[in-house]
Amino acid sequence: MENIRVEGKNVQDAVMNAALQTGIPSSELEYKVIDEGNKGFLGLFNVKPAVIEVIQKESLLDITNDYLNELFEAMGVETQCDIQFDEENNKMDINLSGDNMGILIGKRGQTLDSLQYLISLFVNKNSENYIKVQLDTENYRERRKKTLENLARNIAYKVKRTRRSISLEPMNPYERRIIHSALQNDRYVCTKSEGEDPYRKVVIMLKR
């Protein structure tokens with residue numbers, strides 16, 4: 001919305017008038033005082049109204065969408081961004097679609113994770129509350145989850161058969177949690193994480 005100037009008996013009255021004029025709650029308006037006005041003599045002579053200049057605050061959804069457009073334009077990747085923002089639960093789901101989304105996924109999702117980290121930094125820099133951001137494309141997160149769950153079960157079977165512990169490749173915290181969760185109810189094996197990020201990995205072993 002373009003800047004507008006609104007008058008009132010005083011600044012507070014001008015803000016209320018602006019809210020009525022624009023249909024936007026006063027809490028969502030930004031303004032600067034142009035003239036504080038003057039009550040005049042006995043409220044009758046030389047009365048001067050207060051004047052404010054009002055602009056609508058951009059929502060987190062709007063500025064995030066602008067940021068994504070600039071980010072992917074700089075990367076030279078044409079993509080459509082669908083943003084679902086659950087304000088009540090402080091969660092933002094972003095789904096990307098377009099051609100060549102494999103470029104944004106990268107090897108084992110590393111590029112997607114890096115983009116998610118960057119976007120999360122931007123979103124939380126512009127939010128009073130911490131927002132959990134999840135970035136996805138072509139249902140990669142769910143497909144990766146199923147792949148890791150199958151991997152966990154296959155490795156668990158091998159551990160039971162050979163009675164030897166097996167260390168998996170280094171994974172990020174999200175993927176390690178998938179492995180731990182997939183085997184948490186297994187009667188014969190257990191899991192633990194060892195090492196330091198970014199080389200921290202899950203070890204699958206027999207229960208004692």
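Taken together, the values in this text are just the output of simple stated rules run on the coordinates, not laboratory data. Remember, it's a predicted structure, so these values are computed and weren't measured experimentally. Don't worry about glycine lacking a Cβ; one is built from the backbone with ideal geometry, like all the others, and counts go over all protein chains shown.
Where the centroid of each part is defined by its Cα atoms, how far is the range 24-40 from the range 174-205 in Å?
Using only Cα atoms, the two centres lie 57 Å from each other.
Using +1 at the Cβ of each Lys and Arg and -1 at the Cβ of each Asp and Glu in the chain, identify which of 14, 188, 103 lies farthest towards the dipole's positive end.
188
Taking the mean number of other Cβ atoms within 10 Å as a proxy for protection, how do you rank 100-108, 132-140 from highest to lowest?
132-140, 100-108
Of 158/201; 132/158; 91/207; 91/160; 146/201; 145/192, which sit over 29 Å apart, Cα to Cα?
Where the Cα-Cα span goes over 29 Å, the pairs concerned are 132/158; 91/207; 91/160.
Compute the distance from the alpha-carbon center of the range 97-156 to that of the range 59-83, in whole Å.
16
Under a cut-off of 20 Å between alpha-carbon atoms, report the lysines in cross-link reach of residue 48, not counting same-chain residues fewer than 8 places apart.
Within the straight-line cut-off, residue 48 pairs with 9, 32, 39.
For the range 67-208, give me the percentage of DSSP beta bridges that are antiparallel, rounded to the nearest 5 percent.
The antiparallel fraction comes to roughly 70 percent.
In debye, nearest 20, what is the charge dipole magnitude of the chain about its Cα centre with +1 on Lys and Arg Cβ and -1 on Asp and Glu Cβ, if you could check?
Here the size comes out at about 2380 debye.
Taking K and R as +1 and D and E as -1, what net charge do the other residues with C-beta under 13 Å from the C-beta of residue 67 add up to?
-4
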